[in-house]
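The values are calculated or read from the model by the stated rules, or taken from the named source; none is laboratory data. Since we're looking at a predicted model, the values are computed, not measured. Cβ sites come from the backbone with ideal geometry, for glycine too, and all protein chains shown count toward neighbours. The protein model used for the area step is the full one, side chains on, heavy atoms only, and it has no ligands, DNA or RNA in it. Shrake-Rupley method; radii C 1.70, N 1.55, O 1.52, S 1.80 Å.
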Amino acid sequence: MSKAIITLNNICKVFDTELVETHALKNVSFEIHEGEFLSICGPSGCGKSTLLSILGLLDLPTTGQYFIHDVDASNLSLSEAAYLRNEKIGFVFQSFNLIDELSVYDNVALPMRYRKHKLSDAEVDKKVMECIAKVELTDRIEHKPNQLSGGQQQRISIARALVNEPSLLLVDEPTGNLDSRNAQMVMDTLNQLNKEGTTICMVTHDQHFADMATRFVHLFDGQITEQVASQKVAG
Ligand code: ADP
Ligand code: MG
């Protein structure tokens, strides 16, 4: 068995608002191993995005432990969390979140410009072109996001998530805004990346796409109800 990149132990998340206390996650524990394609599925409101925010160091659990590699990420300062997030994690969101004023090339290059250890323009260029080639959009580098189809925009957002060579790619409902043909192309891209070694954790409410992963965790009402290895053989 490959080693665990991510370990969650008894993660709870409570949202305390004036009127109600929402227990969004209740004692969630699992691991993500290197090279795995894990999907987290479950109905709307079951806690998927909350879990992804914690995995991506965008939010902290109320209680429980979270390790990335062997770093205890449960009690990091904001600046430590930001550093770890930029170095180790790539994000793909349902709504792409590309910057309309920037070209495809500059959108993909952006996370490299925020690195603590600056890289030369030649190093940035090499990596940006490599990641755009991986999603097969090299002929679109000069385009602006709104000149591309939804599926192409999502593939560019995948390229952007890959430029800093993250240990883990976190993907939230990547096909939610796409028609079925574009959704399939985005899923093919994710599958190919996983075969090449990228570790992926994807959230979806679509069972059809969840089944493409190598393992899935089913969430219901903030709790894990089952963890299943799929029939697919890990690439
Ligand atoms: P999913 O992504 O599975 O649809 P979420 O993780 O977005 O579910 O939400 C899980 C539960 O937590 C829901 O009941 C939601 O209303 C609640 N919740 C999520 N974020 C907040 C927040 N910032 N403040 C209060 N409640 C929240
Ligand atoms: Mg959600």
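Quick one: what pairs do we get from segment 170-188, first residue aromatic (Phe, Trp, Tyr), second modelled with pLDDT of 90 or more and not in a loop (DSSP other than H, G, I, E, B), C-beta under 8 Å, 6+ apart or different chains?
none
From the set of residues in segment 58-74 that are within 16 Å of ligand 1 (Cβ to nearest atom) and aliphatic (A, V, I, L, M), which is farthest from the chain's Cα centre (by Cα)?
Leu60
Please verify whether Val135 is modelled with pLDDT of 95 or more and surrounded by 16 or more Cβ atoms within 10 Å (Cβ to Cβ), treating the condition exactly as stated. Talk me through it step by step, then tell me what you get.
Working: modelled with pLDDT of 95 or more: no; surrounded by 16 or more Cβ atoms within 10 Å (Cβ to Cβ): yes.
Against the criterion (modelled with pLDDT of 95 or more and surrounded by 16 or more Cβ atoms within 10 Å (Cβ to Cβ)), Val135 does not qualify.
Take the conditions under 28 Å from Glu196 (Cβ atoms), open to solvent by less than 60 Å² (accessible area, probe 1.4 Å) and within 16 Å of ligand 2 (Cβ to nearest atom) and apply them to Val28. Does it pass? Steps first, answer last, please.
Details: under 28 Å from Glu196 (Cβ atoms): no; open to solvent by less than 60 Å² (accessible area, probe 1.4 Å): yes; within 16 Å of ligand 2 (Cβ to nearest atom): yes.
For Val28, the condition - under 28 Å from Glu196 (Cβ atoms), open to solvent by less than 60 Å² (accessible area, probe 1.4 Å) and within 16 Å of ligand 2 (Cβ to nearest atom) - is not met.
Return only the number of the condition from (1) closer than 19 Å to Ile40 by Cβ; (2) among the hydroxyl-bearing types (Ser, Thr, Tyr); (3) at pLDDT 95 or above that Ser95 does not satisfy.
Among (1) closer than 19 Å to Ile40 by Cβ; (2) among the hydroxyl-bearing types (Ser, Thr, Tyr); (3) at pLDDT 95 or above, the lone unmet condition for Ser95 is (3).
Taking the conditions exactly as written (touching a helix residue (DSSP H, G or I) at 6+ places or on another chain (Cβ under 9 Å), farther than 18 Å from Asp221 by Cβ, within 16 Å of ligand 1 (Cβ to nearest atom) and free of Cβ contacts under 8 Å to residues at least 24 places away in the same chain), does Leu19 satisfy them or not? It would help to see each step written out before you state the result.
Numbers: touching a helix residue (DSSP H, G or I) at 6+ places or on another chain (Cβ under 9 Å): no; farther than 18 Å from Asp221 by Cβ: yes; within 16 Å of ligand 1 (Cβ to nearest atom): yes; free of Cβ contacts under 8 Å to residues at least 24 places away in the same chain: yes.
Taking the combined requirement at face value, the residue does not satisfy it.
Got a sec? Which of Glu36, Glu31 is under 21 Å from Val228 (Cα atoms) and free of Cβ contacts under 8 Å to residues at least 40 places away in the same chain? Step through it out loud before you land on a result.
Details: Glu36 fails: free of Cβ contacts under 8 Å to residues at least 40 places away in the same chain.
Result of the check over Glu36, Glu31: Glu31.
Out of curiosity, is Arg160 at pLDDT 95 or above and within 23 Å of Leu38 (Cα to Cα)?
Working: at pLDDT 95 or above: yes; within 23 Å of Leu38 (Cα to Cα): yes.
So Arg160 fits the description; yes.
I'm trying to understand the selection: among the residues of segment 31-40, which are open to solvent by less than 20 Å² (accessible area, probe 1.4 Å) and either away from ligand 2 (no atom under 13 Å from the Cβ) or part of a loop (DSSP other than H, G, I, E, B) (or both)?
Taking segment 31-40 and keeping what is open to solvent by less than 20 Å² (accessible area, probe 1.4 Å), we get 32, 37-40.
Of everything in segment 31-40, those that are open to solvent by less than 20 Å² (accessible area, probe 1.4 Å) and either away from ligand 2 (no atom under 13 Å from the Cβ) or part of a loop (DSSP other than H, G, I, E, B) (or both) turn out to be Ile32, Phe37, Leu38, Ser39.
Give the number of residues within segment 186-229 that are open to solvent by 50 Å² or more (accessible area, probe 1.4 Å), more than 15 Å from ligand 1 (Cβ to nearest atom), modelled with pLDDT under 90 and outside any strand (DSSP E or B).
Residues flagged as open to solvent by 50 Å² or more (accessible area, probe 1.4 Å), more than 15 Å from ligand 1 (Cβ to nearest atom), modelled with pLDDT under 90 and outside any strand (DSSP E or B) within segment 186-229 amount to 2.
For segment 147-168, check the following and say yes or no: at least one residue is within 28 Å of Ile11 (Cβ to Cβ), among the hydroxyl-bearing types (Ser, Thr, Tyr) and open to solvent by 20 Å² or more (accessible area, probe 1.4 Å).
There is at least one residue in segment 147-168 that is within 28 Å of Ile11 (Cβ to Cβ), among the hydroxyl-bearing types (Ser, Thr, Tyr) and open to solvent by 20 Å² or more (accessible area, probe 1.4 Å).
In segment 82-92, is there at least one residue being under 13 Å from Arg160 (Cα atoms), touching a strand residue (DSSP E or B) at 6+ places or on another chain (Cβ under 8 Å) and either open to solvent by 70 Å² or more (accessible area, probe 1.4 Å) or within 16 Å of ligand 1 (Cβ to nearest atom) (or both)?
Among the residues of segment 82-92, at least one is under 13 Å from Arg160 (Cα atoms), touching a strand residue (DSSP E or B) at 6+ places or on another chain (Cβ under 8 Å) and either open to solvent by 70 Å² or more (accessible area, probe 1.4 Å) or within 16 Å of ligand 1 (Cβ to nearest atom) (or both), which makes the answer yes.
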